[in-house]
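The values are calculated or read from the model by the stated rules, or taken from the named source; none is laboratory data. Here the structure is a predicted model, which means the values were calculated and not measured. Note: ideal-geometry Cβ built from the backbone for every residue, glycine included; neighbour counts use all protein chains shown.
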Amino acid sequence: MSVLQNHAEDSCLKNQQDKSNNISDGNNKEQPPPALRDKRLTGTDQSTDEEGEVFPEGGLTAWLVVFGAFCALVSVYGLINTSAVFESYFKEHQLKDHSHSKIGWIFSLYLFLVFLVGVQVGPIFDRYGPRLLVAVGCVLAVASLMFLSVSKTYTQIILSYSVVGGIGGALLNAPAYGAVAHFFNVRRGVATGIAATAGSVGGIVFPLLLRHLLGPNGVGFAWSCRILGFILLGLSVPANLFIKSRSSIQMSKSDQSQAVTLWPDLTVFRDRRFAASCLGYFFMEWGLFVPLTYIISYGVAYGISASQSSLFLVYLNAGSALGRFLPGFVADKVGRFNVIIITIAFCAITVLGLWLPCNGSPSVLTAFSVLFGIVSGSNLSLLPVCLGQFCDARDYGRYFATATMAASFGTLTSVPIAGALIEVGDKYVGWMSLILFAGCSYTVALISYVSARVMSVGWQPSTKF
């Protein structure tokens, strides 16, 4: 849904800007763009991009969009960040006869669909706005957990959690991020970071809730899933009410015939900077979801109880809450790529320097969980604003969707590959192989992001980018 669709100011914004350029420098003063004169749309610190588009950068409507995006993203990334709880539970109960690698396909397929279906969702958002996408996405997210509550077999879990939930997540992901980009430019990093903390909040609340609900005195798996479903149902109300797009940024009809497609726009990869960033996105996904999915099983494998091991996931997500917001705030001041390069470097350091030599030590594992959460929190929250530096706001959904298409194949293969590595050799060799896989993936991602930055602004570290 778009803001102020009935106002002619938005639809004529570009024409008014063109006319203002023809006004002489005499007694006539140049008129500000209509968006600046509309108090209902803008805040007090508006900004203008290179194309002349005015962004509110604040105000009630803009921050309600951020809140709505937050609620929608809890349904997507809150569940993703709880996957370690489900992976450990499935391995001990419904799917105890299945390997870690086969169980891993449940979560990798979910992520794959979230990102791959986003290829279609992004252009649809660019053209029509978020109203129908968000409504259907919320319905599917809730239905997924309700279906999961009665699932007993591997196939049933795949269909309910992975397929239904993954498609629902895809319908929410691109509109949530894209709507924030419609209202913020200079402050896009911090606004997106605030919305992205939804994944951390969900990743803290959901595991703690499931720790009780799935415990000896809990309500069992079926009602645990239903309770999560009702929580997502409540979050769907503000998501549908507040996620909006701006009609002045939505594509014109002439743009639609050329740019809107239900398939990825591979021509965007002609920009080598964007291509390098997408490569980094791919390998970052390879590294990121390994700890998120296997941190609990790792603790259990080294003799720590499942209840205690679930706290490591909570610590990780608590750290990522800080890591999602602060880097976004700093990125708007010192450069978005500069910050994501630093955080990716520390992700590789924590995985290889703390988790690899951990050997099941609870204290080291706690330290790793917190520190990795902090430095990895910006992996997904900063990426959208980094990619947005390569395109106009009207094309943001298309660029972001194409990038997530490329990264979706990383998410599809990451968790199953890591699960297969656990079966290599004995316990020590298997888990060491998994950790090395995550650490090396982050190292390649770091090289890719550095390459994109160098191609954009050169080697000078002090340059803001």
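Does L279 satisfy the criteria of being over 26 Å from P123 (Cβ atoms), modelled with pLDDT of 90 or more and of a type in the set (A, V, I, L, M, F, W, C)? It is false that L279 is over 26 Å from P123 (Cβ atoms), modelled with pLDDT of 90 or more and of a type in the set (A, V, I, L, M, F, W, C).
Here's the yes/no breakdown for (1) in contact with a Gly (Cβ under 6 Å, 6 or more places away or on another chain); (2) more than 26 Å from F409 (Cβ to Cβ); (3) part of a helix (DSSP H, G or I):
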{"site": "F90", "(1), (2), (3)": "no, no, yes"}
{"site": "K96", "(1), (2), (3)": "no, yes, no"}
{"site": "L109", "(1), (2), (3)": "no, no, yes"}
{"site": "L113", "(1), (2), (3)": "yes, no, yes"}
{"site": "A143", "(1), (2), (3)": "no, yes, yes"}
{"site": "Y161", "(1), (2), (3)": "no, no, yes"}
{"site": "G165", "(1), (2), (3)": "no, no, yes"}
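Only one of the numbered conditions (1) among the polar types (S, T, N, Q); (2) surrounded by fewer than 24 Cβ atoms within 10 Å (Cβ to Cβ); (3) touching a residue at least 24 places away in the same chain (Cβ under 8 Å) is not met by S361, and that is (3). Restricting A406, A438 to those that are of a type outside the set (K, R), modelled with pLDDT of 90 or more and under 27 Å from L113 (Cα atoms) reduces the list to A438. From the list S408, S414, S376, S361, the lone residue that is in contact with a Phe, Trp or Tyr (Cβ under 6 Å, 6 or more places away or on another chain) and under 28 Å from Y302 (Cβ atoms) is S414. Taking the criterion of being in contact with a Ser or Thr (Cβ under 9 Å, 6 or more places away or on another chain), surrounded by fewer than 16 Cβ atoms within 10 Å (Cβ to Cβ) and of a type in the set (D, E), would at least one residue in the range 421-433 satisfy it? Taking every residue of the range 421-433 in turn, at least one turns out to be in contact with a Ser or Thr (Cβ under 9 Å, 6 or more places away or on another chain), surrounded by fewer than 16 Cβ atoms within 10 Å (Cβ to Cβ) and of a type in the set (D, E). Every listed requirement among (1) surrounded by 23 or more Cβ atoms within 10 Å (Cβ to Cβ); (2) within 21 Å of F289 (Cα to Cα); (3) at pLDDT 90 or above; (4) not β-branched (V, I, T) is met by S162 save one, (1).
Going by the structure shown, is G323 buried (at least 23 other Cβ atoms within 10 Å of the Cβ) and modelled with pLDDT of 90 or more? No, not satisfied. The residue that is modelled with the highest pLDDT, among those in the range 257-268 that are surrounded by 12 or more Cβ atoms within 10 Å (Cβ to Cβ) and under 21 Å from the mean Cα position of the chain (by Cα), is V268.
Per the listing V119, V85, the residue uniquely under 21 Å from H182 (Cβ atoms), in contact with a helix residue (DSSP H, G or I) (Cβ under 8 Å, 6 or more places away or on another chain) and surrounded by 20 or more Cβ atoms within 10 Å (Cβ to Cβ) is V119.
Beta carbons closer than 9 Å, at least 6 apart along the sequence or on distinct chains, pair a first residue in the range 344-356 that is free of Cβ contacts under 8 Å to residues at least 60 places away in the same chain and more than 16 Å from I295 (Cα to Cα) with a second that is assigned to a helix (DSSP H, G or I) and of a type in the set (S, T, Y) for F346/S376; I349/Y442. Buried (at least 24 other Cβ atoms within 10 Å of the Cβ), closer than 23 Å to G373 by Cα and touching an Asp or Glu at 6+ places or on another chain (Cβ under 9 Å), is that true of G178? Here the answer is no, as G178 does not meet what is asked. Check every one of the helices (runs of 4 or more DSSP H) wholly within the range 369-465 and list those with 1 or more residues that are polar (S, T, N, Q) and under 19 Å from the mean Cα position of the chain (by Cα). Helices (runs of 4 or more DSSP H) meeting the threshold: 378-381, 396-422, 427-457. A count restricted to the range 163-181 and to residues that are closer than 15 Å to I124 by Cα and either hydrophobic (A, V, I, L, M, F, W, C) or out of contact with any helix residue (DSSP H, G or I) (no Cβ under 7 Å at 6 or more places or on another chain) (or both) stands at 7. Residues being assigned to a helix (DSSP H, G or I), touching an Asp or Glu at 6+ places or on another chain (Cβ under 9 Å) and modelled with pLDDT under 90 are represented in the range 239-256 by at least one member. Among the residues making up the range 188-209, a single one is surrounded by fewer than 24 Cβ atoms within 10 Å (Cβ to Cβ) and over 24 Å from L371 (Cβ atoms): L209.
What are the pairs, 6+ residues apart or on separate chains, where a residue within the range 442-457 that is more than 29 Å from L356 (Cα to Cα) and at pLDDT below 90 has its Cβ under 7 Å from a residue that is of a type in the set (F, W, Y) and not in a helix (DSSP H, G or I)? Listed by first residue and then by second, the contacts come to R453/F465; S456/F465; V457/F465. Is there a residue being within 30 Å of D265 (Cβ to Cβ) and among the aromatic types (F, W, Y) anywhere in the range 346-368? No: the range 346-368 contains no residue that is within 30 Å of D265 (Cβ to Cβ) and among the aromatic types (F, W, Y).
Selection over the range 263-317 of residues that are part of a loop (DSSP other than H, G, I, E, B) and closer than 30 Å to F400 by Cβ gives a count of 4.
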